[in-house]
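Colleague: Here it is: the structure, laid out below.
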Amino acid sequence: MKHEDAPALPTAADFPALWPVPTRWEDNDHYGHVNNVTYYSYFDTAVNAWLITTTGTDIRDLPAIGVVAETSCKYINELTFPEQVQVGLSIEKLGTRSIVYALAIFRENDAALELAALGRFVHVYVDAKTRKPVPIPHEIRSAATLLVVPDAE
């Protein structure tokens, strides 16, 4: 049952960046669809690949690294193998030591992108050696500003 006051689901146009990720043979589970935990892998792949590409830096070599402190996923439509998907990336909040990503997975269907899942990722930046919280590296912060949506702080 659909509620009339339910918020509209986002579309690909609501995300400043889209990152392509193909489903893989191993992603399907015994029930014939992409297993729920794999969606998190798509989110992680898209965020980090986008950061590496946009910064032009191997982010694994920075003195501070982003560790995942929180994740969530709301499943809308199932995915299967083989399919091409696009992960929508945006930032809800760009803090001093953390970034809150709002993410979405869209299935490519001819010329349309159909929503399959909504996700949230929180990266907290820590010193690569001590694992103590530190400010977001300049390279990451500069790239991240490109994903901040107008309603974000």
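The values are calculated or read from the model by the stated rules, or taken from the named source; none is laboratory data. A quick note: this is a predicted structure, and the numbers were derived from the prediction, not measured. Cβ placement follows ideal geometry from the backbone for every residue including glycine, while neighbour counts extend to all protein chains displayed. Note: accessible area is taken over every heavy atom of the protein model, side chains too, but ligands, DNA and RNA are not part of it. Shrake-Rupley method; radii C 1.70, N 1.55, O 1.52, S 1.80 Å.
Colleague: At 1.4 Å probe size, with the rest of the protein present, what percent of the exposed accessible area of the range 40-135 is carbon and sulfur atoms?
Modeller: 50
Colleague: What is the Cα coordinate range of the range 67-125 on the first, second and third principal axes, sorted by size from largest, in whole angstrom?
Modeller: Here the Cα extents, ordered largest to smallest, are 40, 18, 16 Å.
Colleague: Dipole size in debye (nearest 20) for the chain around its Cα centre, Lys and Arg Cβ +1, Asp and Glu Cβ -1?
Modeller: 660
Colleague: In degrees from 0 to 90, rounded to the nearest 10, what is the angle of the helix 36-55 Cα long axis to the longest principal axis of the chain?
Modeller: 50
Colleague: Select from Leu18, Leu147, Ile59 the residue farthest towards the positive end of the dipole of the chain; place +1 on Cβ of Lys and Arg, -1 on Cβ of Asp and Glu, and compute about the Cα centre.
Modeller: Going by the charge dipole, the pick is Ile59.
Colleague: While we're on this one: Mind telling me which of Thr71, Thr38, Thr53 comes out most flexible in a GNM of the chain, alpha-carbon contacts under 10 Å?
Modeller: Most flexible of the set in this elastic network: Thr53.
Colleague: What number comes out for accessible area per residue over the chain if the probe is 1.4 Å? Units Å², please.
Modeller: For the chain, the solvent-accessible area averages 58 Å² per residue.
Colleague: Using only the alpha-carbon atoms, what does the chain span along each of its principal axes? Please give whole angstrom values in decreasing order.
Modeller: For the chain, the Cα extents along the three principal axes come out at 45, 38, 26 Å.
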